Amino acid sequence: MGRAFEFRKERKFKRWGHMARTFTKIGKEITIAVKQGGPDVTGNPRLRALLQTARSENMPKDNIERAIKRASDKDQSDYKEIVLEGYGPHGIAFLVEAATDNNNRTVANVRSYFTKSGGSLGTSGSVDYMFDRKCMFRIKSDKPVDIEELELDLIDYGAEEVFEEVDEDDNREIIIYGEYTAFNNIQKYIEDHGYEMLSGEFTRLPNVDLKDVAPEDRTELDKLIERLEEDDDVQNVYHTMKPLASEE
């Protein structure tokens, strides 16, 4: 198994936190996708994937419709995607993705979280190079799937890693990681070959060696991660801290 599998294993049980935050996050991403590609799902594969994600997370239909409407409502503030970079305690690099209608508020809040933890917010490019942008899909099939054969097929579409995992309800899922630019091609393969797509999203994988942190020093890092993830503007938090041996 490759880096994506190990990275996924650490994060999968922390995916998006509580239900309210999950709906808020997906709603913002739907609004941004409609702004960028229009409300027609036929010509907007990113929106199509997000609607599948919303359904798999049991997001109410009203929430989805409000998110789509927000994109065309001139009275609503626009969400903008921003990336913030910094260092937490013990030299751990952090990359924070946010969707905000008030850039100054978001930057000030994130800076305060770093400061309180003994870290610091960095300049653009100070951390970004440590992470590779990827696309990631969760799918399932009613029929048995030969994972190695599926991976060989998907390589031509830009996939880099394909593996199975068991979700929180003991259901088997197939996870696909691919090049950032391969999102549309991989999604088309999934749809054309009759797989059920549970979610499709963009993510980041660290491309540097993850840093060991003693268990007694992880508390302040965990607090920083918690502060960041609880901020309403923050969509994703990535870092270079190596998981504890028990998490591997």
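Inside the range 126-151, can you point out the residues that are modelled with pLDDT under 95 and small (Gly, Ala, Ser)? Scanning the range 126-151 gives a single hit, SER141.
Restricting attention to the range 146-163 and to residues that are over 18 Å from LYS188 (Cα atoms) and not in a helix (DSSP H, G or I), the residue that is most open to solvent (accessible area, probe 1.4 Å) turns out to be ASP146.
Here is a list: ALA93, ALA108, ALA99. Which entry is out of contact with any Asp or Glu (no Cβ under 6 Å at 6 or more places or on another chain), closer than 18 Å to LEU228 by Cα and crowded, with 20+ Cβ neighbours inside 10 Å?
Result: ALA93 is the single residue among ALA93, ALA108, ALA99 that is out of contact with any Asp or Glu (no Cβ under 6 Å at 6 or more places or on another chain), closer than 18 Å to LEU228 by Cα and crowded, with 20+ Cβ neighbours inside 10 Å.
Note on the range 164-186: among residues that are in a strand (DSSP E or B) and without any contact (Cβ under 8 Å) to a residue 24 or more places away in the chain, the one that is surrounded by the most Cβ atoms within 10 Å (Cβ to Cβ) is GLU164.
Among the residues of the range 113-145, just one is among the β-branched types (Val, Ile, Thr), more than 26 Å from LEU221 (Cα to Cα) and either open to solvent by 50 Å² or more (accessible area, probe 1.4 Å) or in a loop (DSSP other than H, G, I, E, B) (or both), namely VAL145. Which one of the conditions (1) touching a helix residue (DSSP H, G or I) at 6+ places or on another chain (Cβ under 7 Å); (2) open to solvent by less than 40 Å² (accessible area, probe 1.4 Å) does ILE225 fail to meet, given that it meets all the rest? So the condition that ILE225 fails would be (1). Note on the range 194-216: among residues that are among the charged types (D, E, K, R) and in a loop (DSSP other than H, G, I, E, B), the one that is least open to solvent (accessible area, probe 1.4 Å) is ASP212. Selection of the range 56-110 for residues being among the charged types (D, E, K, R) and free of Cβ contacts under 8 Å to residues at least 24 places away in the same chain yields LYS61, ASP62, GLU65, LYS69, ASP73, LYS74, ASP75, LYS80.
The values are calculated or read from the model by the stated rules, or taken from the named source; none is laboratory data. Treat the numbers as computed from the prediction; the structure is a model and nothing was measured. Backbone-built Cβ (ideal geometry, glycine too); neighbour counts: all protein chains shown. To get the accessible areas, we keep the full protein, side chains included, count just its heavy atoms, and leave off ligands, DNA and RNA. Shrake-Rupley method; radii C 1.70, N 1.55, O 1.52, S 1.80 Å.
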